[in-house]
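A short write-up of the structure that comes next.
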Amino acid sequence: QVQLVESGGGLVQAGGSLRLSCAASENIFSMNAMNWYRQAPGKQRELVAVITSGGNTNYADFVKGRFTISRDNAKNRVNLQMNSLKPEDTAVYYCAAFGQRGASWGQGTQVTVSS
C-alpha cells in the first residue's frame, strides 16, 4: 500500500489559514480518489474533501467555500487549503488514498483553531 505523510498542521487563530499537504510514497496518478478526513476529540472521523483521478472535487457542507483540495500528480501530493478557519475546525486531519489495492491512510496532522 502507498505510504502517506501529512504535514502543515498547527495552531492558528480563528479566521486564519493553513495549508495541509499529503505526500505519497508512490505515483498517485492511478489513485481513484485522494481524500481528506478529520476527527475531533470525542467525535467520529468525517469526510472533509474528495478529489478524483479526473480532478473532480467534492466537499462537506461545513467546509464549502472555505477549503480547497488539489492534487499534484507530478509531485505525488494532495493539498488542502483551509481559509476562514473556525474553532470547530479543530481536529486531526487525515489523508487517504483509494486505489486498486484498497485504502491507505496517513498518521494525521493536528489542526487547532483558537477563538
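Quick notes
- Theoretical gain in end-to-end length, GLN100 to SER25 [0.36 nm per residue, Cα-Cα removed]: 25.4 nm
- Surface composition of segment 1-67: carbon plus sulfur atoms hold 47% of the accessible area, using a 1.4 angstrom probe and ignoring ligands, DNA and RNA.
- Residues SER114 and ASN73, FRET efficiency given R0 of 30 Å [Cβ-Cβ distance, rounded to 0.05]: 0.30
- Geometric descriptor of segment 32-115, per residue, is 103 Å³ (volume of the convex hull of the Cα atoms).
- Label-point separation, GLN107 to GLN13 (7 Å along Cα→Cβ), nm: 3.2 nm
- Amide H to amide H, with H built 1.01 Å from N, ILE28 comes under 5 Å of ASN76, counting only residues 5 or more places away or on other chains.
- Taking every protein chain into account, the accessible area of segment 59-104 amounts to 48 square angstrom per residue (probe 1.4 Å).
- Between GLU88 and THR52, residue separation times 0.36 nm minus the direct Cα-Cα distance comes to 10.3 nm.
- For segment 5-96, the Cβ-based charge dipole about the Cα centre amounts to some 100 debye (Lys, Arg positive; Asp, Glu negative; other atoms uncharged).
The values are calculated or read from the model by the stated rules, or taken from the named source; none is laboratory data. Small disclaimer: the values here were computed from a predicted structure and weren't measured. We place every Cβ from the backbone using ideal geometry, glycine too, and count neighbours over all the protein chains shown. Heads up: the accessible areas ignore ligands, DNA and RNA and are worked out on the full protein's heavy atoms, side chains in. Shrake-Rupley method; radii C 1.70, N 1.55, O 1.52, S 1.80 Å.
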